[in-house]
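The values are calculated or read from the model by the stated rules, or taken from the named source; none is laboratory data. Since the structure is predicted, the reported quantities are computational estimates derived from the model, not experimental observations. Methodologically, a virtual Cβ is constructed for each residue, glycine included, from the backbone with ideal geometry; neighbour enumeration extends over all protein chains shown. For accessibility, only protein heavy atoms count, side chains too; no ligands or nucleic acids. Shrake-Rupley method; radii C 1.70, N 1.55, O 1.52, S 1.80 Å.
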Amino acid sequence: MKKRAIGAAVLSAVTVAALVFGTNSPTDAKAAKGVNNQKAKNVILFVGDGMGTDHRDAIRLAAVGANGKLAMDDMPAVGRVHTSSGNSFVTDSAAAATAMASGVKSYNGAIGVNMKGKPVQTVLEKAKLAGKTTGLVTTSQVTDATPAAFGAHVKDRSAQSDIAKQYLENSKVDVILGGGEDYWYTKGNEGAHPDAPSEDKTEGSKGTQGNLVNKAQKLGYTYVNNENELKYAKGTKLLGLFANEEMFQQAPEDQGDVYNPQVSLKDMTKKAINTLSQNKKGFFLVVEEEAIDEMAHNNNAELMIKAGKQLDDTVKVAKAYAKTHPDTLVLVTADHATGGLALEKVDNKDKGGDEASKEDGPFAIAHSKEHFVADWTTEEHTSSDVPLNAMGAGSERFTGVYENTYLHDALRKAMNLK
């Protein structure tokens, strides 16, 4: 009965949201306070992987309280995004990112290719052809699904060394910062981060395309592998690999779970903006917080919220840049929702169901004496729509309700790309 009641409540909320948002006309959108339709010279796209509406609400309650506003929510343009893939009503990150990057629905597992496995040009590649500098920043492997779909074309998301090579040779991404060093070195050739570390003995070099770090350096990239090196790095092309795999350890609470990246998402993003903005023609930057998804897969609300706070702090950096550079467009969205999350009052009589739907918490609501619990219904992705918020140049294009493929179309038009 409890789960049916939750489902009814969710359905009701979705219905209300559809009535509220509707599909805004251009006139309505332009009238929204703070929204403008000028050409976007720069774009900063944030993807909170796995971050649905309830994930945002959990982050908000814990960070700023019931009456507070997250930086990612405090933007004038508001949208709601459908997330299905080309072969399923429940998407994975690869197909979702491909839809956002290329405007094409594809199968789960696809990176920058259509349903027939043929490459489709991405908005990042179009920005590059227009003379803009481009960047990918993530707390996951830099070759993981979300960043990969913007800068590579492979039929299977697992081909991460192929993706890395394509970044260097084909899409020529200028700034690449995150984890995943293991895919840049071949087996037996250890990089800056030791193989089989104590926190995860399975990690180790497994690349299939030779020494790609060496290749990057020959192509003019400055390579860094720690916070201090990143801070002092010079040049216009930058590769930073700060972990063997993800920049955190995903696990259920108190079972090896750690969210403490060697270099923060905030600092990586600051460096990326500083590097890319040297180009007078502008830049296109994708920033992903992967731990929201990974922790939600493990029904780990504590570290999901911690990662979400890190994302919101990073959004503040982009918003500050946009305020002094009004030709900049900032967007925050997600590829899909993970975990079937619902937020509830603390009720000692409510045990939260079985292992797949256990309650997590309680968590304090900031600036109050109240608490909430996170009630998970699955460890997998769901078909839920995800929120989108935008500000700055071209942001009027992102109000309303639309498919994830629309992001590509609207970004291209916002930057006036062919």
Worksheet item: What does the accessible area per residue of the range 196-340 come to in Å², with a 1.4 Å probe and no ligands, DNA or RNA counted?
Response: 39 Å²
Worksheet, complete the sentence: Simple SL model, points at 7 angstrom along Cα→Cβ for MET115 and LYS316; separation in nm is 4.5 nm
Worksheet item: Which value in nm describes the separation of the simple spin-label points at LYS349 and ASP74, placed 7 Å from the Cα toward the beta carbon?
Response: 4.0 nm
Response to the item:
Gyration tensor on Cα atoms of the range 199-352, a ≥ b ≥ c root eigenvalues, a/c under 1.5 rounded, else prolate if a/b beats b/c, else oblate, says oblate
Worksheet, complete the sentence: Cross-link reach from LYS266 to lysines, straight Cα distance under 17 Å and at least 8 residues apart if same chain, gives LYS231, LYS306, LYS309, LYS316, LYS319
Worksheet item: Given a Förster radius of 25 Å and the C-beta distance between LYS187 and ASN260 as r, what FRET efficiency does 1/(1 + (r/R0)^6) yield to the nearest 0.05?
Response: 0.35
Worksheet item: Within the accessible area of the range 295-397, what % is carbon and sulfur when the probe is 1.4 Å and the other protein chains stay in place?
Response: 49 percent
Discussion item. So if I place +1 on the C-beta of Lys and Arg and -1 on the C-beta of Asp and Glu, and nothing else carries charge, what would the dipole magnitude of the range 264-330 be about its Cα centre? I want it in debye, nearest 20.
Written reply: 540 debye
Response to the item:
Across GLN250, GLN160, GLN217, the residue with the highest GNM fluctuation in the chain (Cα network, 10 Å cutoff) is GLN217
Worksheet item: Taking the range 41-137 as the region of interest, what is the percent of Cα-Cα pairs per 10 angstrom bin, listed from the shortest bin to the one with the maximum distance?
Response: 14, 35, 33, 16, 2
Item to complete: For the chain, would you read off the P(r) tail past 37 Å as a percentage of all alpha carbon pairs?
Response: 18 percent
Worksheet item: Among the helices of the chain (complete DSSP H runs), which have Cα atoms covering no less than 20 Å along the helix axis and a Kyte-Doolittle mean of at least -0.5?
Response: 2-21, 301-324
Discussion item. Restricting to DSSP H runs of at least four residues, report the calculated mean residue ellipticity at 222 nm for the chain, -39500 (n - 2.57) per run over all residues, nearest 500 deg cm²/dmol.
Written reply: -9500 deg cm²/dmol
Worksheet item: In 10 Å bins starting at 0, how do the alpha-carbon pair distances of the range 310-418 split up by percent?
Response: 12, 29, 29, 21, 9, 1
Worksheet entry | For the range 107-181: accessible area per residue (Å², 1.4 Å) | 28 Å²
Fill in: Set of lysines with alpha-carbon distance to LYS128 below 20 Å, sequence-local pairs under 8 removed
LYS39, LYS41, LYS165, LYS172, LYS237, LYS271, LYS280, LYS281, LYS413, LYS418
